[in-house]
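Notes to accompany the following structure.
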C-alpha cells in the first residue's frame, strides 16, 4: 500500500477508523471523512504524530455535493485515487415495518444505500484512467431477512450488495474492482452503546454466534487491506462473508 491513495467514508469511528489506521500503517496516503469534526481531527493528529499520512475532510455521504468535494479534494491533494472503502452507514430506525414512517425508512436508505451510490459515482470517475479497488460495507442483513424491526436497514444493505455487483460488471473493463463485505455483529462504539443498554445482551449475542464471540474492527481490517491490494486482482463483484459463520447455515 506504500504511496497508494486511499479514500474512506465513515472513518471517524468503528470499522472506518480502524481501516484509516490500518492503511496509514501500511504507508498509504489516506483521506477520510465523517460528520464529526472533533473525532476526525483527533484521528488525523494521531496518525500524523506517528509519521503516517492522513487527511480528514468533513463530509456527509447523504449530501452528493459534499461527496463530490471529498473526492475532488483527494485528487487535489494526491493526484489520484487507488482505493476506496465506503463504510458510512448505520441503522437509524427500530420497530416493525408497519409502524415505520416514510421519513424513517428513507433516512436509513439515504445513509446506507444512496450514500454508497454517491461515493461510488465520484470514485469511479476518479479511477477510470488507472483502475482501482472499491470495497463497500454491507451486512449479514444484506443477504437474509432479519426479524428484529430493522426492515429499512435490511432493504438498504441488500441494495448495497446489488449496487456492488452492478458497478463491478460495469467497471470491469476499466479494471475497477468493486466488492462488498458481509459483516455481522461487531464491537464498535456505536454498537456497544446500543447493546449495553440491556444487561446481558452482549453475552446473549456472543453465545448465538457460531464462533461464540463478537468481532472487533481489527478482525475485519485485514480483509479490507487484502481486497485493496495486488493479491486480489481477480476478485470483483463479490459479497464476501466475514461474519463468524452467521450466514453459513
From the helices alone, meaning DSSP H stretches of at least four residues, give me the mean residue ellipticity at 222 nm for the chain, per-run term -39500 (n - 2.57), in deg cm²/dmol to the nearest 500.
-13500 deg cm²/dmol
Expressed as a whole-number percentage, the relative contact order of the chain with C-alpha contacts under 8 angstrom and at least six residues apart is 18 percent
Helix 14-25 versus the longest principal axis of the chain: what is the Cα-based angle in degrees, 0 to 90, to the nearest 10?
30 degrees
Per the 1/(1 + (r/R0)^6) rule, R0 = 35 Å and r from the Cβ atoms of residue 233 and residue 101, FRET efficiency to 0.05 is 0.20
Starting from the Cα of residue 94, move 7 Å in the Cα-to-Cβ direction to define the label point; list residues of segment 206-226 whose amide nitrogen is under 17 Å from there.
206
Using label points projected 7 Å from each Cα along Cα→Cβ, tell me how many nm separate residue 208 and residue 38, to one decimal.
3.3 nm
Contour minus Cα-Cα distance for residue 129 and residue 46 (0.36 nm per residue):
26.6 nm
Once the mean 1/r over all distinct Cα pairs of segment 1-133 is inverted, what Kirkwood radius in angstroms do you read off?
15.1 Å
Report, to the nearest 10°, how far helix 151-171 tilts away from the longest principal axis of the Cα atoms in the chain, using its own Cα long axis and a range of 0 to 90°.
30 degrees
Have a look at 230, 82, 25 and tell me which one the Gaussian network model of the chain (Cα, springs below 10 Å) gives the largest fluctuation.
230
Whole-number value, in Å³ per residue, for the convex hull of the alpha carbons of segment 185-249 is 101 Å³
Could you work out how far helix 64-78 tilts from the main Cα principal axis of the chain, as a 0 to 90 degree angle to the nearest 10?
40 degrees
In nm, give the distance between the simple-model label positions of residue 75 and residue 2, each being 7 Å from the Cα along the Cα-to-Cβ direction.
2.8 nm
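We did not get these values from a lab; they are worked out from the coordinates using the rules stated. Worth saying up front: this structure is predicted, and the values here are computed from it rather than measured. All Cβ positions, even for glycine, are placed from backbone atoms using ideal geometry, and neighbour counts span all protein chains on display.
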